[in-house]
Amino acid sequence: MSQWLSMKVLVIGVNTRHIACSASRAGCTVYTLGMFDDVDLKACSEKSVIHNMPDVHDLDLPELAPLIRTLFPVDFIVLGPGFEHLGNWVEEITPGNVLVLNNPSHIFKRISDKAWLAGKLKILNLPHPFTISLDSLNTPEDWTGGYPAILKPRFGAGGMENRLVSDLEDLKITMAVLECGQYLLQQYIKGTVASVSIISTGKQAVAIAVNEQLAGIDTLTKMPFAYCGNITPYISEHIDWMRETSMNLALELELVGSNGVDFIITDKEPFVLEINPRFQGRIDTVEQSPGHHESFKGKLSMCGDSQCFSIKTIFFAPRRFVVEKKEYDYLVKCYNKGTAADVPSKGTVCEKDEPVVSFLSEGNSRMEVVRQAEQLVNGLTDIIEDTHTEV
């Protein structure tokens, strides 16, 4: 850790807390520009610039540039959610030779294109759900992947815009109202979604954790496919293949830094689902779980006298509400115990379906950490239901 103690890192993103606090734990002095004024972000940052970004898909770069410059000088820059594709622009506005610790922009954009990735995985002969760009269908009847199918944005992560297409009639309506070039249609495969966290240099790669993904959990979100947390480690007979496949993909695609490969595990086999060429939100559980290295061998390191699991759950606002004293006090109490992150400041307005807070827990089994997470979520839900009407 000593080599990082004198380093200054600037983290730029819509949400920067997970990266900023990880860098702080590594010994860096952290500066951030982001959208959320979280309690724990302020605690781990030397200086934070909070800026409203009403449309994260259409950032006002000329407005952001002078704000970023107020945080210089730094030794290196990390681009977080919403900014990972802007490496070239950041280098243009950065004085001197400051290293950007992300995948090069052209690699990020290429791999983030799920249509391109589907074609690449087919060339590599890797199992992947049948996927085509919606605008490649001349008519809805040309779809041969069966129903239900899953509709996804061609670019983007998080699953919040994903939805099921139930039948041919639903597809006809969908194609009539959407800009088809921006969406994909994918074979819907039921199974457990898991991910492999990898670190790579472009020439070498190592898998550091296998994680179970949580999506569409109804006590956390009403969005059926929204990413809402993960459990580390994920134990499966397919771990060795997933690990090797992920490392090989990292090398094939020349990924650098922290990346993730998503899989869906069925009763018969695993499928490669997506590649996330970015710092992962699951870094919270990867860093918390001391047993993840041994999980690759089909066993877990011992945490005291028992196995170690770590969970992160992301709670989304069930409706529009304001974080008032009761909610704030509860979340700060959890934060002080190490069981909450991304804690909003008092007075924060949480819009419906926006992430509010993350809950964290460690335990000796998957069942134990799930139960602890449920208790933490229920504590907040009870307060919201008791004290709020929709605003």
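Nothing in this text is a laboratory measurement; each read-out follows from the coordinates by a stated rule. No experiment lies behind these values; they were computed from the predicted model shown. A quick note on method: Cβ atoms are made from the backbone with ideal geometry, for glycine too, and the neighbour counts reach across all protein chains shown.
So here's what we get for this one:
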read-out	value
Selected from 57, 94, 74, residue furthest toward positive end of dipole (the stretch 55-94; charges at beta carbon)	74
Karplus-derived HN-Hα couplings along the stretch 124-131 (A = 6.51, B = -1.76, C = 1.60, θ = phi - 60°), whole Hz, x at Gly and Pro	7, 6, 9, x, 8, x, 4, 9
Gain on full stretching of the segment that runs from residue 135 to residue 99 - 0.36 nm per residue minus C-alpha separation	9.1 nm
For peptides 138-147, 197-206, 242-251, sequence by mean Cβ density within 10 Å, most packed first	242-251, 197-206, 138-147
Under 14 Å from the residue 122 label point (7 Å along Cα→beta-carbon), backbone N, the stretch 163-198	185-187
Given 222/352; 190/268; 222/268; 109/172; 325/352, the pairs whose alpha carbons are separated by over 21 Å	222/268; 109/172
Cα gyration tensor of the chain - equivalent ellipsoid semi-axes, whole Å, descending	30, 26, 25
Residue among 225, 249, 209 farthest towards the positive dipole end of the stretch 200-256, charges placed on Cβ	225
Inter-probe distance in nm under a simple model that places probes 7 Å from Cα toward Cβ, at residue 354 and residue 166	3.2 nm
Inter-site label distance for residue 67 and residue 37 at 7 Å from Cα along Cβ, in nm	1.3 nm
Long-range amide H partners of residue 214 with built H, under 5 Å	228, 229, 230, 231
Derived scalar couplings ³J(HN,Hα) [the stretch 349-354; Karplus, 6.51 cos²θ - 1.76 cosθ + 1.60; whole Hz; x for Gly, Pro]	8, 9, 7, 3, 6, 8
Estimated 222 nm signal from helices in the chain, with DSSP H stretches of n ≥ 4 weighted -39500 (n - 2.57), rounded to 500	-8500 deg cm²/dmol
Cα centre as origin, Lys/Arg/Asp/Glu Cβ charges: the chain dipole, Debye	740 debye
Amide H contacts of residue 340 (H built 1.01 Å from N, under 5 Å, at least 5 apart or other chain)	335, 360
Segments 312-322, 90-100, 254-264 sorted - mean Cβ within 10 Å per residue, highest first	254-264, 312-322, 90-100
Modelled label reach - residue 268, point 7 Å along Cα→Cβ, the stretch 129-172 residues with backbone N closer than 14 Å	129-130
Assigned charges on the beta-carbon of Lys, Arg, Asp, Glu; the stretch 65-174 dipole about Cα centre (debye)	240 debye
Under the Karplus curve 6.51 cos²θ - 1.76 cosθ + 1.60, θ = phi - 60°, whole-Hz ³J(HN,Hα) for the stretch 184-200, x wherever Gly or Pro sits	10, 10, 10, 3, 8, 10, 7, x, 8, 8, 9, 9, 10, 8, 10, 10, 8
Cut-off under 5 Å, modelled amide H: who pairs with residue 273 long-range	262, 263, 264
Point-to-point label distance, residue 142-residue 240, nm (Cα→Cβ direction, 7 Å offset)	4.3 nm
